[in-house]
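Written out below as structure tokens is the structure these notes cover.
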């Protein structure tokens, strides 16, 4: 049994995780611990506080008790707002506190894009423009070309969590770009786990979503590969060998 631990801020789309566990269909356990979100706002100062070492450390002991093999900070905006170096320090601090390999959703996107052998992506963000721009900058620092960004101006994760299928598909279609090899949907507050194959069919290209890549990152840290077509192209391809 591989046990994956996730620190998830607040309550928005956490039900994606038991769904993903079921879709993996193997001996993988997904354990979710909720962290204190503080102020629910897609605003840089609030997001930095949400991902502070103190807030993350508060959930670590509970994850250790589950016997997790790896931990991922299941939040994109609460990591990339610290910049590349700050997000790396955030992950290092989390790994030291947890005593196990650690990562975050922001790095999960970078690693997943590389896994797909892609270099050009489009971004469909629920965030306001300034926060979406920070995510694009993070990707570029990771060596990924961003062909375009579509932001939605949503302030709270709570509102994003209420989005239904029609809103999700509308964002994906509006954000897609003909030059993009992949489409990225970066908010872990957005329900996507039930829709990835349909999104990929609709757009005619692979789609990476926040909760999907977060679980994939946990598996990567635990040195596990699971073939799960219901979770999209990321979970069905052979690994890319990095030079």
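For (1) within 14 Å of residue 218 (Cβ to Cβ); (2) assigned by TED's automatic domain parsing to the domain that holds residue 97; (3) touching a helix residue (DSSP H, G or I) at 6+ places or on another chain (Cβ under 7 Å), each residue gets a yes or a no:
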site	(1), (2), (3)
31	yes, yes, yes
35	no, yes, yes
39	no, yes, yes
63	yes, yes, yes
69	yes, yes, no
Just one listed residue, out of 45, 40, is closer than 19 Å to residue 161 by Cβ and either modelled with pLDDT under 95 or outside any helix (DSSP H, G or I) (or both), and it is 40
Screening 14, 49, 39 for residues that are within 14 Å of the chain's Cα centre (by Cα) and free of Cβ contacts under 8 Å to residues at least 24 places away in the same chain leaves only 14
- request: Can you confirm whether segment 123-146 contains a residue that is assigned to a strand (DSSP E or B), at pLDDT 95 or above, more than 15 Å from the chain's Cα centre (by Cα) and crowded, with 16+ Cβ neighbours inside 10 Å?
  value: yes
### So residue 100, is it in a helix (DSSP H, G or I), over 30 Å from residue 205 (Cα atoms) and outside the structural domain of residue 187 (by TED's automatic domain parsing)
no
In segment 177-187, residues that are surrounded by 23 or more Cβ atoms within 10 Å (Cβ to Cβ) and at pLDDT 95 or above total 5
Checked segment 65-84 for anything without any contact (Cβ under 8 Å) to a residue 40 or more places away in the chain and either more than 18 Å from the chain's Cα centre (by Cα) or farther than 16 Å from residue 109 by Cα (or both); matches are 65
Are any of the residues in segment 109-116 surrounded by fewer than 24 Cβ atoms within 10 Å (Cβ to Cβ), modelled with pLDDT under 95 and in contact with a strand residue (DSSP E or B) (Cβ under 9 Å, 6 or more places away or on another chain)?
-> no
Among helices (runs of 4 or more DSSP H) entirely inside segment 149-240, those with 3 or more residues being touching a strand residue (DSSP E or B) at 6+ places or on another chain (Cβ under 7 Å) and over 21 Å from residue 73 (Cβ atoms) are 165-175, 196-203
(1) at pLDDT 95 or above; (2) within 29 Å of residue 226 (Cβ to Cβ); (3) assigned by TED's automatic domain parsing to the domain that holds residue 197 all hold for residue 84 apart from (3)
Subset of segment 6-31, residues outside any helix (DSSP H, G or I), surrounded by 15 or more Cβ atoms within 10 Å (Cβ to Cβ) and touching a strand residue (DSSP E or B) at 6+ places or on another chain (Cβ under 7 Å), comes to 6, 7, 8, 9, 10, 14, 28, 29, 30, 31
- [ ] Consider residue 224 carefully, then state whether it is in contact with a helix residue (DSSP H, G or I) (Cβ under 7 Å, 6 or more places away or on another chain) and surrounded by fewer than 23 Cβ atoms within 10 Å (Cβ to Cβ).
- [x] no
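The values are calculated or read from the model by the stated rules, or taken from the named source; none is laboratory data. Just so we're clear, the structure is a prediction, and the values are computed from it rather than from any experiment. Don't worry about glycine lacking a Cβ; one is built from the backbone with ideal geometry, like all the others, and counts go over all protein chains shown.
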